[in-house]
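**Student:** Here it is, the structure, as structure tokens.
The values are calculated or read from the model by the stated rules, or taken from the named source; none is laboratory data. Fair warning: this is a prediction, and the values are worked out from it, not measured in the lab. We place every Cβ from the backbone using ideal geometry, glycine too, and count neighbours over all the protein chains shown.
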Amino acid sequence: MPAPSRDPLVRFVEVRKAFGPKVVYENLTLSIYPGETLTILGGSGTGKSVALKLLIGLLRADSGAIYVDGQDIVNHNENQFLPIRKRISMLFQSGALFDSITVGENVAYPLREHAKMSDAEIRDVVAEKLEWVGLPGIEKMKPADLSGGMRKRVALARAIAGSPEIILYDEPTTGLDPINTRRISELILSIQDRIKVTSVVVTHDMACAFIVSDRMAMLANRRVVAELPAREFQESDNPVIRDFIYAMSLDKIIQEREAAGGHIHVTQAQRVDELDNGGRP
Ligand SMILES: Nc1ncnc2c1ncn2[C@@H]1O[C@H](COP(=O)(O)OP(=O)(O)OP(=O)(O)O)[C@@H](O)[C@H]1O
Ligand SMILES: [Mg+2]
């Protein structure tokens, strides 16, 4: 659990980021504490992926500061970013496995890139990480032969292979059915327990968010409008948070009905009943 009295491991302070006339962040201020899982929630296009990319230097802030362990990285050059990127691993929104190489080589990739390990040591780490995500022994398979849920789990194994201090998850459950969503969320939680990593999870998915989070931050109006422990977030009467949770729960019901071939024109009264009933029709 987070200890707010400790110093943050990562701190965004008054960060501004625009693309031409499009201002994504006017004033992004957000702290991430060592060992916690912080979830960033927000509608499509509010800048969730941009926040993660600013942290690993794939995008640059226009102004403000981003501290990692007390060191401001905003004006770091590519060389100065190398040690930062060794400490931070990102699970990209697209999942992005390399399709031309085997699962084993995919998971080994961060080890070959950053660590000085022998082939035998790399093999052991790859086997261990595949076991952690519930896919032991699939090293020789190609990504194209895997289901969507399996691809996400392999991407997760790759993200943890290099023993990062910080893992950034960009929409880890996108495109998965409810069972696989739950499985990935629980895997994130178990990884958190096993390697005591600090995690930032970006998601639309409230089920995932409530399973994995110690704290939650809500993005709107080009900034963080609330940053709360998970339970307080869930019970918050902040209208931005309530509207978001309501809209996301509705989205989920509609998606699930569409997937089941059911009718999707539910009445407002039915929707409220379903939400009161934890989303179950
Ligand atoms: N490289 C870029 N060049 C120009 N505009 C960009 C770039 N990256 C992001 N944007 C814009 O910044 C805004 C925020 O994008 P971002 O990808 O962070 O949204 P998001 O919150 O992750 O959305 P989603 O939930 O759909 O993934 C969007 O309007 C997007 O079009
Ligand atoms: Mg995104």
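**Student:** So, in segment 157-183, how many residues would count as being more than 16 Å from ligand 2 (Cβ to nearest atom), closer than 26 Å to K86 by Cα and not aliphatic (A, V, I, L, M)?
**Tutor:** 5
**Student:** When you go through (1) out of contact with any His (no Cβ under 9 Å at 6 or more places or on another chain); (2) of a type in the set (S, T, Y); (3) within 16 Å of ligand 2 (Cβ to nearest atom); (4) touching a residue at least 24 places away in the same chain (Cβ under 8 Å) one by one for Y33, which number turns out not to apply?
**Tutor:** Answer for Y33: the failing condition is (3).
**Student:** If you check S185, S249, which single one turns out to be in contact with an Asp or Glu (Cβ under 9 Å, 6 or more places away or on another chain), at pLDDT below 90 and of a type in the set (G, A, S)?
**Tutor:** S249
**Student:** Right, G64: surrounded by fewer than 20 Cβ atoms within 10 Å (Cβ to Cβ), within 16 Å of ligand 2 (Cβ to nearest atom) and over 19 Å from V197 (Cα atoms) or not?
**Tutor:** No: the conditions fail for G64.
**Student:** Which residues, counting only those in segment 129-141, are surrounded by 15 or more Cβ atoms within 10 Å (Cβ to Cβ) and under 20 Å from S100 (Cα atoms)?
**Tutor:** L130, L135, I138, E139, M141
**Student:** Moving to a separate point now. What is the one condition in (1) within 25 Å of D7 (Cα to Cα); (2) in contact (Cβ under 8 Å) with a residue 12 or more places away in the chain that A127 does not satisfy?
**Tutor:** (1)
**Student:** If I go through segment 49-59 residue by residue, how many of them are in contact with a His (Cβ under 9 Å, 6 or more places away or on another chain) and either within 13 Å of ligand 1 (Cβ to nearest atom) or closer than 25 Å to V240 by Cα (or both)?
**Tutor:** So the answer is 0.
**Student:** Among D170, D124, D177, which is of a type in the set (D, E), under 22 Å from I195 (Cβ atoms) and within 22 Å of the chain's Cα centre (by Cα)?
**Tutor:** From the options D170, D124, D177, the qualifying one is D170.
**Student:** Inspect all residues belonging to segment 69-90 and state whether any of them is within 16 Å of ligand 1 (Cβ to nearest atom) and hydrophobic (A, V, I, L, M, F, W, C).
**Tutor:** Scanning segment 69-90, I find at least one residue that is within 16 Å of ligand 1 (Cβ to nearest atom) and hydrophobic (A, V, I, L, M, F, W, C), so the answer is yes.
**Student:** Can you find, within segment 215-250, the residue that is surrounded by the most Cβ atoms within 10 Å (Cβ to Cβ) among those that are touching a Ser or Thr at 6+ places or on another chain (Cβ under 8 Å) and over 25 Å from S94 (Cα atoms)?
**Tutor:** Of everything passing the filter in segment 215-250, F233 is surrounded by the most Cβ atoms within 10 Å (Cβ to Cβ).
**Student:** Then there is this: Among I122, I73, I88, which is the only one that is buried (at least 18 other Cβ atoms within 10 Å of the Cβ), more than 26 Å from L187 (Cβ to Cβ) and among the aliphatic types (A, V, I, L, M)?
**Tutor:** I73
**Student:** Determine which member of the set V68, V107 is of a type in the set (A, V, I, L, M), touching a residue at least 12 places away in the same chain (Cβ under 8 Å), over 27 Å from V154 (Cα atoms) and in the same structural domain as R158 (by TED's automatic domain parsing).
**Tutor:** Result: V68 is the single residue among V68, V107 that is of a type in the set (A, V, I, L, M), touching a residue at least 12 places away in the same chain (Cβ under 8 Å), over 27 Å from V154 (Cα atoms) and in the same structural domain as R158 (by TED's automatic domain parsing).
**Student:** Given the criteria within 16 Å of ligand 1 (Cβ to nearest atom) and not polar (S, T, N, Q), does L176 qualify?
**Tutor:** Yes: the conditions hold for L176.
**Student:** May I pose another question? Just checking, which of P8, P21, P2 is modelled with pLDDT under 95 and more than 16 Å from ligand 2 (Cβ to nearest atom)?
**Tutor:** Residue meeting the stated conditions: P2.
**Student:** Shifting gears a bit: Give segment 98-110 a look and list any residue that's surrounded by 15 or more Cβ atoms within 10 Å (Cβ to Cβ) and at pLDDT 90 or above, or say none.
**Tutor:** Hits for segment 98-110 are T102, V103, G104, E105, N106, V107, A108, Y109.
**Student:** Taking the stated definitions as given, is R87 within 22 Å of V201 (Cα to Cα), among the basic types (K, R) and touching an Asp or Glu at 6+ places or on another chain (Cβ under 9 Å)?
**Tutor:** The answer is yes for R87.
**Student:** Examine segment 50-57 for a residue that is away from ligand 2 (no atom under 13 Å from the Cβ) and not aliphatic (A, V, I, L, M), and state whether such a residue exists.
**Tutor:** Yes: one or more hits.
**Student:** Using beta carbons and a limit of 8 Å, which pairs, at least six apart or on different chains, have the first residue in segment 156-176 and more than 12 Å from Q93 (Cα to Cα) and the second one within 16 Å of ligand 1 (Cβ to nearest atom) and of a type in the set (F, W, Y)?
**Tutor:** Close Cβ pairs (under 8 Å, with a partner that is within 16 Å of ligand 1 (Cβ to nearest atom) and of a type in the set (F, W, Y)) amount to A159/Y169.
**Student:** Okay, next question. Assess whether S44 counts as being within 14 Å of the chain's Cα centre (by Cα) and within 16 Å of ligand 1 (Cβ to nearest atom).
**Tutor:** In short, no.
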